[in-house]
Structure formats: C-alpha cells, structure tokens
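The values are calculated or read from the model by the stated rules, or taken from the named source; none is laboratory data. All values derive from a computational prediction rather than experimental measurement. With ideal geometry, Cβ positions are generated from the backbone for all residues, glycine too; neighbour counts draw on all protein chains shown.
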Amino acid sequence: MHPLSVTLFLVLVSLTVTLDNGLLRTPPMGWMAWERFRCDLDCHDDPENCISEDLFRDMADRMAEDGWKELGYEYIIIDDCWMSMLRDEQGRLQPEPSRFPGGIAKLARYIHDRGLKLGIYADMGTHTCMGFPGTTLEKIEIDAQTFASWGVDYLKFDGCYSNPIEQMLGYPLMSKALNATGRPIAYSCSWPAYLGGLPPNVNYSLLGDICHLWRNYYDIQDSWDSVQGIIEWFSNNQDDLQPAAGPGRWNDPDMLIIGNFGLSVDQAHSQMALWAIMAAPLIMSNDLRNLDNSARAILQNKVAIAINQDPIGVQGRRLLQEKSHIEVYWRPLSQSASCLVFLSRRTDMPHLYHTSLAKLNYEAGNYQAYDVFTGSKLTGLNAKTEFTVSINPSGVVMWYVYPEQRTLHSQHNKPEPEHHIVL
Ligand SMILES: *[C@@H]1O[C@H](CO)[C@@H](O)[C@H](O)[C@H]1NC(C)=O
Ligand SMILES: *[C@@H]1O[C@H](CO)[C@@H](O)[C@H](O)[C@H]1NC(C)=O
C-alpha cells in the first residue's frame, strides 16, 4: 500500500473504537494551573507559585476544605512544565525531581485521599509547548500506561510540535491507549485548536467519539478582551460547534479566570454566565489560597453551576445581537426550564433593555424567572409580558426561567414533580 493509504487505513481502524466509558456526562469541573501559574520554574525566589507538588497539594487542600468539592469541583489538573527534561531508563516520562520530589503517584494519592481527582498534561509531538519531552507516536502507549500506573484521572493532550498527519494518528491512538489501560481517564484533546477549530478541518461527530472534551480556540488570557474574543468566536461559529456538544463530549473555551487580575466583578459574572450557556468545563485557573469574596461567590453560585451541569447537556446559543450592543443567549435545560443571559457589550452605563419571552421564542404561557446573581424572583411572567432588564457595561443579567406551577389542578391530580434546581 502507498504510505498515505496505510495512514488513512490506520485512522479508520482506530476510529471504530468509541470512547463511551461513562465519564464526563456533564462538563468537568475543577482547577488547572496554566492560566494563573504558567511555567513558573523559580521555586527558589517564588516558592509559593512555582510549578511543584506543593502548589498542587495546596490547591487540593483548598478545594477539599473551602466548599468547592461539595459543589462539584473535583479535578486538580497539572499543566505543562511538570516534567524532567529526560525520560527514565525505561523510556518513561518522569517529573522534575527537585520540584516533585515525592513523584506523581504520591501526589495522586494525596489528591484521592481528599476525594478529588488528578489530571496531567502531555503533548502529541516532539516537545511540549514549553519544550519538555513530547509524546511522539511510538511513545503514546508507554505514556498512557505510565499515567494510569500513577493513578491519573484526566489527561490534557496538547499538540505543539506535530503536524496534522501525526495529530490525525496520535489523538485517536492515545484514546485507544488510555482505554487499554483499564483505568477510566477523562481525555481532553487540544487537536481542533491546531486545525483552526472548524469544519471541514475538524469533524466534530468523529471527534466526540475520540475525546471527552476539546479545545477549539486560542488560550485564554487574564483580560476581558480575551474573554470577549472567545465568546465572540464561539458564538459566530455556533452552528458548527453547538451540535457537537452533549453528555461525554464538550467544547472547551478554556479556563475560568475569575479571581485573578483582569476582570471586574461584572465581567466575572459575564464569564460565569456565558460558560454556563456554552456547557463549558468549569475549570478555574486562579489562586484558591487568595480569592476575594466576590470571586468566590460567583464561582460557587449554585444555580449557575446547576445550569452549567444540566443533565440533558444541550449547549446554548446566541439568539440575538441588537444594534444597541446587547446580546441575548439561551440554553434549554431539563424539566422544561431554560437559561437566558442578557450580555452588554456597551462601555457607557447600565442599559435598559426591553423585551418579552415571546420575542425570545418562548411558547405562550406563564413563567417564573430567578435572577441567578441577585437572587430575586419574578412570578406571573406571561410570555407576552413586556419586561425591562438593566444590564451593566460588560456585565450580564442571568435568568433561570421555568414554567409557572399550575395551581388550578383538581386535588385528584398528582402534584407536579419538584423542580430539580431548588431556589
Ligand atoms: C473502553 O472502551 C469500551 C468500549 O467503548 C468501554 O465500554 C469501556 O468502558 C472503556 N474502558 C475504559 C477504561 O475507558
Ligand atoms: C464525520 O465522521 C463521521 C463518522 O463519525 C462520518 O460518518 C461523516 O461522514 C464525517 N463527516 C465528514 C464531513 O467527513
């Protein structure tokens, strides 16, 4: 056979395996080092913040003790820069001993003992993005085995220093290799981001059979510009991206940066709201040891989390872009409920936006709305009722909307099932 036909044949063989192992039926929640701590190797002058086992133990302690775990945040994920520059004599990856003296298996036990899960990072290619040892095609199996032997629960597989043919072979092969370890390991693929993120370069129905989640677009940075750019790209391309998501398969617009330096309180509300609309992973990258109360309250908002984690797993969409720079987003939820987000892209002052549920495609009937960030409740909202919301510049109003309980039923009728989000 011609080498290219061999290649395509291998791809087709490898793609017949489906990664349907029951993991990530809702988007993953947790914490990842990259956006906040990058590749800080300076444990001498910056011991609190360098990439070391102490940093991940600290975050595991905070996650277990500060109420995060109970809300569903569970993965502690190591990103790039954990490795030694050299593989061991058996060709296995190993952590840099000065920064991870106890090794990854011991760190995994520490994290598991606190009821949490450990994620790790590798790169399909000759080197990781920061120049540490990569996972070339012939190393895929041994690296998957190594991670499983350490007790790793999640792999972020980046794609620096490889070409599209190697990626086409390598990402499915890693999926098979992880499955072959027998350990359930959530699999996050950076593959689409290296292919421009859109069809025809990316076939999302195929990708969902290989990976549990995937990065489609550029890395998030600590700024509102970056968050806006991501929201814009995902919304402009929602016809391709939205149908790709569902239980066990998620688009990943990248980490939550709430609690860092770049977002105002309103902008932090906006990131949380839009990540809930997009059924995005809720993976924070911040310093859980130093969070102010407003960041904590936003990240721990139970209704925002419940919307993000809705069991039917349908990703939401941008419904409208008004000339006034107000945008309306909508996500259908279980139990006939839904989420509406009114986002202001204005830069002047709070804007009064007038609309009705009927104008936003809601069926006739009466509804209730719960304002996710203020906790206020609107009852008796007919679909035709005109209402006004006041939206701060670069902020949102986020509503959980559900049909009004019918009160005219005779006593013979069974009571309506309880709403799954308790308000
Ligand atoms: C491996 O794949 C099979 C078939 O999709 C699945 O049933 C099984 O749960 C997977 N095992 C692991 C450990 O991922
Ligand atoms: C995408 O992959 C699926 C297999 O999962 C295949 O049936 C479909 O034809 C592919 N679509 C395109 C446009 O290649």
Looking at Thr181, Thr146, Thr135, Thr126, which one is modelled with pLDDT of 95 or more, more than 16 Å from ligand 2 (Cβ to nearest atom) and over 26 Å from Trp31 (Cβ atoms)?
-> Thr126
Return the only residue of Glu70, Glu35, Glu74 being surrounded by fewer than 23 Cβ atoms within 10 Å (Cβ to Cβ), closer than 26 Å to Gln309 by Cβ and touching a Gly at 6+ places or on another chain (Cβ under 6 Å).
-> Glu74
Consider only pairs whose beta carbons are under 6 Å apart and that are at least six residues apart or on different chains; among these, list those whose first residue lies in the range 172-190 and is basic (Lys, Arg) and whose second residue is in a strand (DSSP E or B).
-> none
Selection from the range 305-344 of residues that are of a type in the set (S, T, N, Q) and either within 17 Å of Pro403 (Cα to Cα) or surrounded by fewer than 17 Cβ atoms within 10 Å (Cβ to Cβ) (or both) | Gln321, Ser324, Ser334, Gln335, Ser336, Ser338
In the range 154-192, anything within 11 Å of ligand 1 (Cβ to nearest atom) and out of contact with any Ser or Thr (no Cβ under 9 Å at 6 or more places or on another chain) is listed as Ala177, Leu178, Asn179, Ala180, Gly182, Pro184, Ile185, Ala186
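Given the structure, is Asp254 buried (at least 20 other Cβ atoms within 10 Å of the Cβ) and either within 16 Å of ligand 2 (Cβ to nearest atom) or of a type outside the set (Gly, Ala, Ser) (or both)?
Here the answer is yes, as Asp254 does meet what is asked.
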Out of (1) in contact (Cβ under 8 Å) with a residue 24 or more places away in the chain; (2) more than 16 Å from ligand 1 (Cβ to nearest atom); (3) in a helix (DSSP H, G or I), the one Asp239 does not meet is (1)
Those residues that are over 14 Å from Tyr329 (Cβ atoms) and among the small types (Gly, Ala, Ser), I need them from the range 206-247; list them, please.
-> Gly208, Ser223, Ser226, Gly229, Ala244, Ala245, Gly246
Scan the range 25-38 and report the pairs whose first residue is touching a residue at least 12 places away in the same chain (Cβ under 8 Å) and whose second residue is surrounded by 24 or more Cβ atoms within 10 Å (Cβ to Cβ) and of a type in the set (Lys, Arg), with Cβ atoms within less than 9 Å and a gap of 6+ or a chain change.
-> Met32/Lys156; Trp34/Lys156
Counting only residues in the range 16-59 that are assigned to a helix (DSSP H, G or I) and in contact with a helix residue (DSSP H, G or I) (Cβ under 8 Å, 6 or more places away or on another chain), the one nearest to ligand 1 (Cβ to nearest atom) is identified as Phe56
Count of the range 107-133 residues which are of a type outside the set (Gly, Ala, Ser), in contact (Cβ under 8 Å) with a residue 12 or more places away in the chain and not in a loop (DSSP other than H, G, I, E, B) | 13
Across the range 210-231, which residue is farthest from ligand 2 (Cβ to nearest atom) among those that are surrounded by 15 or more Cβ atoms within 10 Å (Cβ to Cβ) and in a helix (DSSP H, G or I)?
-> Trp224
Only one residue in Leu195, Leu213 is within 16 Å of ligand 1 (Cβ to nearest atom) and of a type outside the set (Ser, Thr, Tyr). Which one?
-> Leu213
Test Tyr161 against the stated conditions and say whether it is assigned to a loop (DSSP other than H, G, I, E, B) and under 27 Å from Leu118 (Cα atoms).
-> yes
Any idea which of Leu55, Leu19, Leu71 is at pLDDT below 95, in the same structural domain as Asp113 (by TED's automatic domain parsing) and closer than 20 Å to Gly119 by Cβ?
-> Leu19
Looking at Asp79, Asp88, which is the one that is acidic (Asp, Glu) and in contact (Cβ under 8 Å) with a residue 60 or more places away in the chain?
-> Asp79
If a residue has to be part of a loop (DSSP other than H, G, I, E, B) and hydroxyl-bearing (Ser, Thr, Tyr) to count, how many in the range 242-290 make the cut?
-> 2
So Ile165 fits all but one of (1) free of Cβ contacts under 8 Å to residues at least 60 places away in the same chain; (2) surrounded by fewer than 19 Cβ atoms within 10 Å (Cβ to Cβ); what number is the exception?
-> (1)
Name the strands (runs of 3 or more DSSP E) wholly within the range 320-414 that hold at least 2 residues that are more than 28 Å from the chain's Cα centre (by Cα)?
-> 351-355, 366-371, 377-382, 387-391
Looking only at the range 188-209, decide whether some residue is buried (at least 22 other Cβ atoms within 10 Å of the Cβ), touching a helix residue (DSSP H, G or I) at 6+ places or on another chain (Cβ under 8 Å) and closer than 15 Å to Tyr121 by Cβ.
-> yes
